[in-house]
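The values are calculated or read from the model by the stated rules, or taken from the named source; none is laboratory data. Because the structure is predicted, anything quoted here is derived from the model rather than measured. Note: ideal-geometry Cβ built from the backbone for every residue, glycine included; neighbour counts use all protein chains shown.
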Amino acid sequence: MISDKDNVIYSLEKSVNELEKIINNSIENKIENFNDVYSCLGNTLFWIGASLDRLKRNGEKESEYEFAFRGAYNAQKHSIKLISFQCYEKGGISFPFSSPFTIPAPRYCFEKLEENIIKCGNEIQAYNKCLYKKDIIPEIKKIQEIIQEKMSKY
């Protein structure tokens, strides 16, 4: 049983909502907002890690995807390089271009992490395999859904 699961789920949900709001505002206003995204992503990773810890203590097996987020959480705790979790990709056109061409939208995505950033290199390998170059918000919402589903059993 997870005695504080309602508080943990609430805290995770609140941090995800705040992160989504800050990222969407940054993209809509075309302003890179690394400081606020840095802070909110760190808070969200904390609640993801805390949730995964509680589930693990209750005997839940972790998927590779969950293990990847454990790596993100642990790297965030032990490294000053949290900013490397995000990369802001601007949209627009550059010349010369070839046909067909795409105009990428601005986005925040997970950046690749060096495997020696923490002692558990296998967590970072899972992170780089599962999260590298993926948009932050959809991946955060996916892990949030997995955590909420698993916690609903307790």
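Restricting attention to segment 81-95, does a residue exist that is crowded, with 16+ Cβ neighbours inside 10 Å and either of a type in the set (Lys, Arg) or modelled with pLDDT of 90 or more (or both)? Checked against the condition, which is being crowded, with 16+ Cβ neighbours inside 10 Å and either of a type in the set (Lys, Arg) or modelled with pLDDT of 90 or more (or both), segment 81-95 yields no hits at all. Filtering segment 1-23 to residues that are without any contact (Cβ under 8 Å) to a residue 12 or more places away in the chain and under 15 Å from the mean Cα position of the chain (by Cα) leaves Lys14, Asn17, Lys21.
Scoring Ile103 on the criteria (1) modelled with pLDDT under 90; (2) of a type outside the set (Gly, Ala, Ser); (3) in a helix (DSSP H, G or I) leaves a single failure, condition (3). Would you confirm whether or not segment 134-144 contains a residue that is over 17 Å from the mean Cα position of the chain (by Cα), crowded, with 17+ Cβ neighbours inside 10 Å and at pLDDT 85 or above? No, there is no match, as no residue in segment 134-144 is over 17 Å from the mean Cα position of the chain (by Cα), crowded, with 17+ Cβ neighbours inside 10 Å and at pLDDT 85 or above.
So, in segment 107-153, how many residues would count as being among the aliphatic types (A, V, I, L, M), in contact (Cβ under 8 Å) with a residue 60 or more places away in the chain and in a helix (DSSP H, G or I)?
8
Per the conditions (1) modelled with pLDDT under 95; (2) under 25 Å from Lys30 (Cα atoms), the sole criterion not satisfied by His78 is (2). Taken together, the residues in segment 12-33 that are outside any loop (DSSP other than H, G, I, E, B) and out of contact with any Ser or Thr (no Cβ under 9 Å at 6 or more places or on another chain) amount to 11.
Is it the case that some residue within segment 36-59 is more than 13 Å from the chain's Cα centre (by Cα), assigned to a helix (DSSP H, G or I) and within 20 Å of Arg107 (Cα to Cα)? Yes.
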